[in-house]
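The values are calculated or read from the model by the stated rules, or taken from the named source; none is laboratory data. What you see is a predicted model; the values in this text were computed from it and never measured. Here the Cβ positions follow ideal geometry from the backbone for every residue, glycine too, while neighbour counts run over all protein chains shown.
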């Protein structure tokens, strides 16, 4: 008889109290990220593993009814002590059970743990395989913003520091909004960004859902950089735990000939510091220094602000059906074609 019991969790306060006590590196297992996905149209299941009345682990499953194979995502999770073998087994057994009952071919996880050989070996022993695709910013840059502004500027790349100071004299203005109607500005700017960099963008519906769910708890704001009332850069920033996350953004083609992006980043960092946030997560950089990587340019830009590179454990899949290997083959080919 296991000492842990798993059940569906329905209380937001219980969930959030546990998650924030773990000092999470991401918001992807937060209650509001689940609610964001509900608003977009996905089914969400929240599982909690209890020892008596004490919540000991959580896993938030987000259903993906994809043509390439129905599956569940557990981004940033499961949140569990991976050194506790019994707890891990009980939770994963329940995840398997729930996913199979709902017809999933596999479950894709990307735990909130840093990558190292030991954790990869553990996941292999647990029956996982390395996923053919990444999931949610596996490589990122995290800046300690508890330092004063003078120190932050000093530790930046010389060019970045110069362009920030220059941008302060160029007539840019930041508007901060929690009105979900304003995401149309971000959506329009991201459309321009997608055309320039040739990647798959995100929907206005998703932007709106984020601002509504996280915004209602004071955990998200939309930053819009303008000049002469013309939007140049926009970004949704999520504030969760000790971190601010540069989650979704877009910029106009015109802005690339200005220093608007430097101005925007600096204003976001200062705003986060004023809120008492300790770290700024730039959310997604290239895994290495390959100049041919499609994120090379944005990575160079972000690294100019300083910070520590963090590599989270790569996404892993838990196969539940022989059909999974159809998805595996399809995604492997797509990754190579898109140079992901």
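From the set of residues in region 266-296 that are without any contact (Cβ under 8 Å) to a residue 60 or more places away in the chain and either closer than 16 Å to residue 193 by Cβ or not assigned by TED's automatic domain parsing to the domain that holds residue 149 (or both), which is surrounded by the fewest Cβ atoms within 10 Å (Cβ to Cβ)?
Looking at the filtered set, the residue picked out is 296.
Listed residues 205, 147; which is part of a helix (DSSP H, G or I) and assigned by TED's automatic domain parsing to the domain that holds residue 229?
Working: 147 fails: part of a helix (DSSP H, G or I).
After ruling out the rest, the residue left standing is 205.
Out of region 185-212, which residues are within 20 Å of residue 268 (Cα to Cα) and touching a helix residue (DSSP H, G or I) at 6+ places or on another chain (Cβ under 9 Å)?
Correct list: 186, 187, 189, 190, 207, 208, 210, 211, 212.
Quick one: how many residues across region 215-249 are on the phi > 0 side of the Ramachandran plot and without any contact (Cβ under 8 Å) to a residue 40 or more places away in the chain? Outline the logic, then answer.
Step one: filter region 215-249 for residues on the phi > 0 side of the Ramachandran plot, giving 218, 228-229, 241.
Next, only the ones that are without any contact (Cβ under 8 Å) to a residue 40 or more places away in the chain stay: 218, 229.
Residues that pass the stated criteria total 2.
If you scan region 312-340, which residues turn out to be surrounded by 13 or more Cβ atoms within 10 Å (Cβ to Cβ) and either farther than 29 Å from residue 100 by Cα or touching a helix residue (DSSP H, G or I) at 6+ places or on another chain (Cβ under 9 Å) (or both)?
313, 314, 316, 317, 318, 319, 320, 321, 340
Looking only at region 107-122, how many residues end up being more than 21 Å from the chain's Cα centre (by Cα) and either closer than 14 Å to residue 69 by Cα or surrounded by 15 or more Cβ atoms within 10 Å (Cβ to Cβ) (or both)? Can you show your working first?
Of region 107-122, the ones more than 21 Å from the chain's Cα centre (by Cα) are 117-118, 121-122.
From what is left, the residues that are either closer than 14 Å to residue 69 by Cα or surrounded by 15 or more Cβ atoms within 10 Å (Cβ to Cβ) (or both) are 122.
Total satisfying the criteria: 1.
Can you confirm whether residue 181 is in a helix (DSSP H, G or I), in the same structural domain as residue 285 (by TED's automatic domain parsing), out of contact with any strand residue (DSSP E or B) (no Cβ under 9 Å at 6 or more places or on another chain) and within 29 Å of residue 203 (Cα to Cα)? Show your work before the answer.
Details: in a helix (DSSP H, G or I): yes; in the same structural domain as residue 285 (by TED's automatic domain parsing): yes; out of contact with any strand residue (DSSP E or B) (no Cβ under 9 Å at 6 or more places or on another chain): yes; within 29 Å of residue 203 (Cα to Cα): yes.
So residue 181 passes the test.
Considering region 123-138 alone, what residues qualify as being under 24 Å from residue 68 (Cα atoms) and not in a loop (DSSP other than H, G, I, E, B)?
Matches in region 123-138: 123, 124, 129, 130.
Has region 70-91 got any residue that is touching a helix residue (DSSP H, G or I) at 6+ places or on another chain (Cβ under 7 Å), within 27 Å of residue 334 (Cβ to Cβ) and crowded, with 22+ Cβ neighbours inside 10 Å?
Residues of region 70-91 touching a helix residue (DSSP H, G or I) at 6+ places or on another chain (Cβ under 7 Å): 72, 78-82.
In the following step, the residues that additionally are within 27 Å of residue 334 (Cβ to Cβ) were identified as 72, 78.
So of that shortlist, the ones also crowded, with 22+ Cβ neighbours inside 10 Å come out as 72, 78.
Yes, that holds for at least one residue.
Being over 27 Å from the mean Cα position of the chain (by Cα) and either more than 28 Å from residue 278 (Cβ to Cβ) or not in a helix (DSSP H, G or I) (or both) is the requirement here; does residue 169 meet it?
Details: over 27 Å from the mean Cα position of the chain (by Cα): yes; either more than 28 Å from residue 278 (Cβ to Cβ) or not in a helix (DSSP H, G or I) (or both): yes.
Yes; evaluated as a whole, the condition is true for this residue.
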